[in-house]
Amino acid sequence: DAKTGDQLEQLLSTLSLAVTRFQIEPERSEVPPGDALIVCGPKSAPIGAELINRDPALTFTKAGRRWWIEHRPSGERYGSPADEDQPQNADVAYVARHRTDERVVVHIAGIHAIGSLGAVHYLTANLATLYGETDDKSFSLAVRSTYDGLDITGSELAAGPFVW
């Protein structure tokens, strides 16, 4: 998570955006004021679950011991390859941009913490293309990434972007 924060700060700085970092407390349910980038899963703090509940396209579901990112309309699910019977060094992450008249809240949540790092890897390489596809609208997507230790070796779109 610390490395994800560092890489997000670096990405935002290259876009000439000011960054103030803070830790999300496990009981926090309110989004901080102003524009924000939240890295938090639905099981880590209520704020993660609250943001995901606002998304009409994607959600997190739990089946047995595994978490999945699920496309609400179709029921298609995206699970972490690290949780398979034959585990792979790969994970899946959720990314959403909640756009309102007053603010923008970007939410990133990996099935595992390494997935969030993979999402940042994907955003760093594809931000311009993603903006071209979604403009200023709210959207969500799923990213699949591979890793070696804490180094992301590749990332790709697994689903979306779903504009809403």
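The values are calculated or read from the model by the stated rules, or taken from the named source; none is laboratory data. On a predicted model such as this, the values are computed, not experimentally measured, just so you know. So basically every Cβ, Gly included, is an ideal-geometry build from the backbone, and we count neighbours across all protein chains shown. Accessible surface is based on the protein model in full, side chains and every heavy atom, while ligands, DNA and RNA are left aside. Shrake-Rupley method; radii C 1.70, N 1.55, O 1.52, S 1.80 Å.
Some points to look at:
- Taking all protein chains as shown and a probe of 1.4 angstrom, K43 keeps an accessible surface of around 130 Å².
- Relative contact order (percent, whole number), the chain, Cα cutoff 8 Å, 6+ residue spacing: 19 percent
- Charge tally in the Cβ shell below 10 Å around K137, where Lys, Arg are +1 and Asp, Glu are -1, K137 excluded: -1
- Under 11 Å, Cβ to Cβ, from L117 - net charge with Lys/Arg +1 and Asp/Glu -1: -3
- Shown are V92, V163, V106, whose ranking by accessible area with a 1.4 Å probe and every protein chain present, most to least, is V163, V106, V92.
- Relative contact order of segment 1-59, taken over Cα pairs closer than 8 Å and 6 or more residues apart, is 22 percent.
- Note on the chain: Cα Rg divided by 2.2 N^0.38 Å, N the number of residues, gives 0.97.
- Modelled FRET efficiency - R0 30 Å, T129 with D35, Cβ distances, 0.05 increments: 0.90
- For the chain: accessible area per residue (Å², 1.4 Å): 53 Å²
- Summing Lys and Arg as +1 and Asp and Glu as -1 over all other residues whose Cβ lies under 11 Å from the Cβ of A90 gives a net charge of -4.
- Heavy atoms of I114: accessible area, 1.4 Å probe, square angstrom to 10: 30 Å²
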